[in-house]
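One structure is given below, encoded as structure tokens.
Laboratory data are not the source of any read-out in this text; all were calculated from the coordinates shown. Being a predicted model, the structure only gives us computed values, none of them experimental. All Cβ positions, even for glycine, are placed from backbone atoms using ideal geometry, and neighbour counts span all protein chains on display.
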Amino acid sequence: MASYEDVLAYWHQLDIRSEAALAKALGLQSVSFAYHSGKIENPQITFKDTRDIFDHDGVTSYTGDLRTLLEIRNARDAHALFLFGFGKKKALDEELILRFHKRLTKHTYDARRYQLGERPGAYKLHDYVTGRRDIGAAPEDVAEEMAEVLSEIHEAPPEKALTVAAYFHAKFENIHPFADGSGRCGRITMNYYLVTSNHPPVTIHEEDRRGYFEALEAWDKDKSLDPLKNYLREQTVKTWEASL
């Protein structure tokens, strides 16, 4: 059975330096990531519809609702930004995070939140329940807390990329910076940090969501990072073992 170290060595030997090389290395994983990330929060998303939109910008025999279709297309647009940012060697910063969020959530905010002033590509203006225990950071604190975690990850050594990615994702979801889409935005920005640190991106498989939520809760309750770090190691192997 493959190990995380095997996957890491495989990724390093690819020596990915350009947008085209990253697109080639990701291949069908781009579709898989979009499918699983979206399905964690929207059970109507299917792999077939996701692949049709990524490959052909359209679907056949579609029976779902319009919002689901828009969310899949938004995921494809966010992936294009992912590749473009990597090609331009753009570091993960607030501006890029807001751009990812805008692409992921455009035309999908529910009417009530839109009436409250919430917008794609902007931090939340109000509190929303994010789990069993909390509502995330207060809206007035989001920008400061996001700036702090971004500063922390850019000061970290690149050889600790997986640990740093786990920390960033735990903090991001704990802050819950957006009125909607914080999960999807947090997952794609975590992967962006990983690939720009020469580490393989990870698909968090929707069938393993329970372990994912438990790992995030371990951080929320006890500031314990090991459960999420170990979970990401396992999911990275699951993502890439067929490619080895």
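Legend: distances between Cα atoms for Lys90/Lys160; Lys24/Lys90; Lys88/Lys229; Lys171/Lys238; pairs beyond 22 Å are Lys88/Lys229; Lys171/Lys238.
Can you tell me the relative contact order of the stretch 4-243? Whole percent, Cα pairs under 8 Å, sequence separation 6 or more. Before the final figure, lay out each step's value.
On the way: 284 pairs, mean separation 54.6, N = 240.
Result for the stretch 4-243 is 23 percent.
With R₀ set to 25 Å, the beta-carbon distance separating Asp222 from Asp141 gives a calculated FRET efficiency near 0.70.
The calculated FRET efficiency for Glu152 paired with Lys48, based on their beta-carbon distance and R0 = 25 Å, is about 0.05. Dipole orientation for the chain: of the candidates Pro158, Leu66, Ile16, Leu66 has the Cα lying most toward the positive pole (charges on Cβ; Lys, Arg +1; Asp, Glu -1). Volume per residue for the stretch 65-168 equals 133 cubic angstrom (convex hull of Cα atoms). A Cα-only calculation for the stretch 163-226 places Rg and Dmax at 11.5, 31 Å. Scalar couplings 3J(HN,Hα) for the stretch 33-45, obtained by applying the Karplus form with A = 6.51, B = -1.76, C = 1.60 to θ = phi - 60°, are 4, 4, 4, 5, 5, x, 6, 4, 10, 9, x, 7, 5 Hz; x denotes Gly and Pro.
Residue separation times 0.36 nm, minus the C-alpha to C-alpha distance between Ser3 and Thr60: what's the value?
Working: separation 57, 0.36 × 57 = 20.52 nm, distance 3.85 nm.
Extending this stretch completely gives an extra 16.7 nm.
Sorting the segments 166-178, 48-60, 202-214 by their residues' average number of neighbouring beta-carbon atoms within 10 angstrom, most packed first, yields 166-178, 202-214, 48-60. Computed from label points 7 Å out along Cα-Cβ, the spacing between Ser243 and Glu159 is 2.4 nm.
Note that the stretch 169-186 has calculated 3J(HN,Hα) couplings of 5, 4, 5, 4, 6, 5, 5, 6, x, 10, 5, 8, x, 5, x, 4, 5, x Hz, one per residue in order, obtained from phi through the Karplus relation 6.51 cos²θ - 1.76 cosθ + 1.60 (θ = phi - 60°); glycine and proline are x.
Taking the Kirkwood radius as the inverse of the mean 1/r across Cα pairs, report the Rg/Rh of the chain.
Values: Rg = 17.2 Å, Rh = 18.3 Å.
Here Rg/Rh amounts to 0.94.
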